[in-house]
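Accompanying notes for the structure given below.
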Amino acid sequence: GPGSAGEKGVARGARERFANTGRQEQCQVLFGMMAGDDGMAVLAVALSNFEGGTGVSLLNLELTDNRLSPASGSHLAAVVAAQERLQDLQLAQNALGDEGASALSAGLLRNQSLTKLSLGSNGIGAEGARALAGGLALHRSLSTLALHHNALRGADGCEAVRSLAVACQPLRRLRLGG
């Protein structure tokens with residue numbers, strides 16, 4: 001819940017790390033910090049307030065296994081939209097589901113720098129994959145997408161994945177196993 005040790009740590013770390021403007025980070029790793037939705041909200045504010053080349057500009061953001069639920073989708077969308085140089089976003093082993101993937105797709109519409117996106121093990125089904133297809137339809141640089149260990153089964157799941165692959169023309173590697 002709100003105020004957990006992980007969330008407080010992310011909030012403190014985000015304030016300290018991103019307090020100074022003019023910083024550029026090659027990689028921000030928060031793997032397994034258990035940030036949760038409240039920690040993601042704090043991180044989103046810190047990373048979304050540095051648009052247009054001022055402040056922190058990330059190339060890679062690792063948020064694997066951070067207890068992110070559908071509620072984090074809008075925060076992730078804000079970060080993806082604001083981070084104009086972000087190339088690699090790792091979100092595997094969370095619980096974003098269809099709702100979180102749909103929210104994230106809004107940020108993908110405004111980002112053209114992302115080349116790798118990992119959404120494995122997030123409970124994403126056909127509805128979420130269709131939303132991602134919409135968010136990636138105009139994307140010019142995404143070459144690798146991981147959707148392994150999600151709920152993309154049956155005819156509906158296959159059709160959603162096909163739509164996604166067709167929509168995202170630069171896509172060269174699509175990981176689906178599991």
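The values are calculated or read from the model by the stated rules, or taken from the named source; none is laboratory data. Owing to the predicted nature of the structure, the values given are computational and were not obtained by experimental measurement. Cβ: placed from backbone, ideal geometry, glycine included. Neighbour counts: every protein chain shown. The accessibility values were calculated without ligands, DNA or RNA, using every heavy atom of the protein model including side chains. Shrake-Rupley method; radii C 1.70, N 1.55, O 1.52, S 1.80 Å.
Criterion applied to GLY157, GLY135 was being farther than 18 Å from ALA103 by Cα, of a type outside the set (D, E, K, R) and open to solvent by less than 20 Å² (accessible area, probe 1.4 Å), and the one residue passing it is GLY157. Looking only at residues in the range 115-132 that are of a type in the set (D, E, K, R) and surrounded by fewer than 19 Cβ atoms within 10 Å (Cβ to Cβ), the one that is nearest to PRO70 (Cα to Cα) is GLU127. Entry remark, the range 143-154: residues being part of a loop (DSSP other than H, G, I, E, B), open to solvent by 30 Å² or more (accessible area, probe 1.4 Å) and touching a residue at least 24 places away in the same chain (Cβ under 8 Å) number 4 in total.
Per-residue answers, yes or no, for (1) under 17 Å from HIS149 (Cβ atoms); (2) of a type in the set (S, T, N, Q); (3) out of contact with any strand residue (DSSP E or B) (no Cβ under 7 Å at 6 or more places or on another chain); (4) part of a strand (DSSP E or B):
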| site | (1), (2), (3), (4) |
| --- | --- |
| GLN93 | yes, yes, yes, no |
| GLU99 | no, no, yes, no |
| ALA103 | no, no, yes, no |
| SER113 | no, yes, yes, no |
| GLY120 | yes, no, no, no |
| ALA131 | no, no, yes, no |
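Looking at this structure, is GLY73 in contact with a Pro (Cβ under 7 Å, 6 or more places away or on another chain) and at pLDDT 95 or above? No, not satisfied. Residue count for the range 83-96 under the criterion of being open to solvent by 10 Å² or more (accessible area, probe 1.4 Å) and either more than 13 Å from LYS116 (Cβ to Cβ) or of a type in the set (Phe, Trp, Tyr) (or both): the result is 5.
Listed conditions (1) open to solvent by 60 Å² or more (accessible area, probe 1.4 Å); (2) touching a residue at least 12 places away in the same chain (Cβ under 8 Å) are all met by ARG162, apart from (2). Applying the selection to the range 66-91, what residues are more than 22 Å from VAL56 (Cβ to Cβ), in a helix (DSSP H, G or I) and not small (Gly, Ala, Ser)? Within the range 66-91, just PRO70 meets the criteria. Taken over the range 98-114, the residue count meeting the criterion of being open to solvent by 10 Å² or more (accessible area, probe 1.4 Å) and closer than 20 Å to LEU68 by Cα is 6.
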